[in-house]
Amino acid sequence: MVGISSAPRANDPRSLPKVDIWLVLSTLVLLTVGLMALYSEGLSRDGGADFRKQLVFAAIGLIPFAVFATVSPKIWMWMRHPLYVLNLLALSAVFVLGSRKKGAERWIEVGPIQFQPSEMAKLLTILTLAAFFAANIDAIRKPATFLKSLLHILPPLALILLQPHLGAAMVIVASWFAISIVAGVPLKYLVAAFAVLLVMGGTVLFVPAVSDRVLHGYQHDRIEGLTSNDVKGRNWQTERAEIAFGVGGLTGAGYLMGEQKKAHFIPEQHNDFVFTVVGEEGGLIGCTLVLAAFGFFFYRIWLVMFHADEPFYRMVTGGIFAALFFHTFVNIAMVLQLVPVVGLWLPFLSYGGTALWLCMACVGLLLNIRRRERAILF
């Protein structure tokens, strides 16, 4: 007869699930699609220079991936106060050390690499906010806890909006909502907060006196171009994107064969509009397959959250899910002219080192959390 003591304990490495191979594979599929799209887009534009840089960024990204995949996630909870200060210092450093590009001050140049603290702020805010809720889990239904969570995200939000980077601020707000839901914040508080955001957004959009003070000129153009006849050519990107999808049709023009891409009709196609390369060269079938890959990727993240047995792990996973899903949904929606153009990249597909490192760090952390799921013992 086997004694009870012979069963592996919950914290015994033998009881830990293996690596979530499906999450890894879905990540590799999306990263491969992104590299293929960047190679195709850059072949006639810069001879593949951005593609080669993205390969280097992916190699460097193995460092944050390994750190978050191996270090116990509890460390980030214990270090929540230093991480919060680091987040604010990095965001503040942009105004002292940062470089201005396309009307925004978001980048710090470190040698040949441009680093965006606002990207790092997304993960750091998720970690510190989840740690705050976990430390106050017994008081989660109190109004004071809810208000303190709002105060927690207010400083990084303010610094990000001053850059300005509206898209990153929206991601943090979306993550806050998701973490609050997972934490068990009463629904009435969240409904009230959502109503306030709607009123504020409506005031900014439809009250000219407020709109002129809050929105920048290019933001006005993007909103007006979407809601009215674009006689000033403000929707050039999205109109050319629509043509690219139309040219792609059902099966696409074929890899490396996109004419819209070759003619460089779509500005920033390697970045925010990289999905148009998939649409033109892969057609509806190619787009559907990529969307299916994203769907499976988010399903695996949901499984990590569903199986996590500690509140901190569940909240971190919920925040990561919200941040990456928000990026994906808004990016594709703006390419399809469903929402105004916002500076949000497409996870794993868009060009950019900091964005890719953030995604790889998130995947490493998710694998780490899934690995620490306690096995069910009978």
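The values are calculated or read from the model by the stated rules, or taken from the named source; none is laboratory data. Keep in mind that this is a model prediction, so the values were computed, not measured. In this analysis, Cβ positions are derived from the backbone assuming ideal geometry, glycine residues included, and neighbour counts consider all displayed protein chains. Surface accessibility is based on the protein's heavy atoms, side chains included, excluding ligands, DNA and RNA. Shrake-Rupley method; radii C 1.70, N 1.55, O 1.52, S 1.80 Å.
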Just wondering, is there one or more residues in segment 171-181 that are open to solvent by 50 Å² or more (accessible area, probe 1.4 Å), touching a residue at least 40 places away in the same chain (Cβ under 8 Å) and assigned to a helix (DSSP H, G or I)? yes
With criteria (1) open to solvent by 20 Å² or more (accessible area, probe 1.4 Å); (2) within 27 Å of residue 132 (Cα to Cα), residue 296 comes up short on (2)
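What is the residue count in segment 27-55 for residues that are open to solvent by 40 Å² or more (accessible area, probe 1.4 Å), hydrophobic (A, V, I, L, M, F, W, C) and either modelled with pLDDT under 95 or within 10 Å of residue 270 (Cα to Cα) (or both)? Explain how you work it out, then say what you get.
At the first step, the residues of segment 27-55 found to be open to solvent by 40 Å² or more (accessible area, probe 1.4 Å) are 28-29, 32, 36, 39, 43-47, 51-53, 55.
Those left that are additionally hydrophobic (A, V, I, L, M, F, W, C): 28-29, 36, 43, 51, 55.
From what is left, the residues that are either modelled with pLDDT under 95 or within 10 Å of residue 270 (Cα to Cα) (or both) are 43, 51.
Of the residues in segment 27-55, 2 are open to solvent by 40 Å² or more (accessible area, probe 1.4 Å), hydrophobic (A, V, I, L, M, F, W, C) and either modelled with pLDDT under 95 or within 10 Å of residue 270 (Cα to Cα) (or both).
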Could you list all residues from segment 59-100 that are crowded, with 19+ Cβ neighbours inside 10 Å and closer than 14 Å to residue 352 by Cα? 61
Return the residues of segment 133-160 that are within 30 Å of residue 107 (Cβ to Cβ) and open to solvent by less than 20 Å² (accessible area, probe 1.4 Å); say none if nothing qualifies. 149, 153, 156, 160
Identify, by number, the condition in (1) in contact (Cβ under 8 Å) with a residue 40 or more places away in the chain; (2) of a type in the set (Gly, Ala, Ser); (3) part of a helix (DSSP H, G or I) that residue 333 doesn't meet. (1)
I'd like the residue in segment 261-277 that is of a type in the set (A, V, I, L, M, F, W, C) and open to solvent by less than 20 Å² (accessible area, probe 1.4 Å) and, out of all such residues, is nearest to residue 247 (Cα to Cα). 277
Determine if segment 200-218 includes at least one residue that is under 25 Å from the mean Cα position of the chain (by Cα), surrounded by 11 or more Cβ atoms within 10 Å (Cβ to Cβ), closer than 27 Å to residue 162 by Cβ and modelled with pLDDT under 60. yes
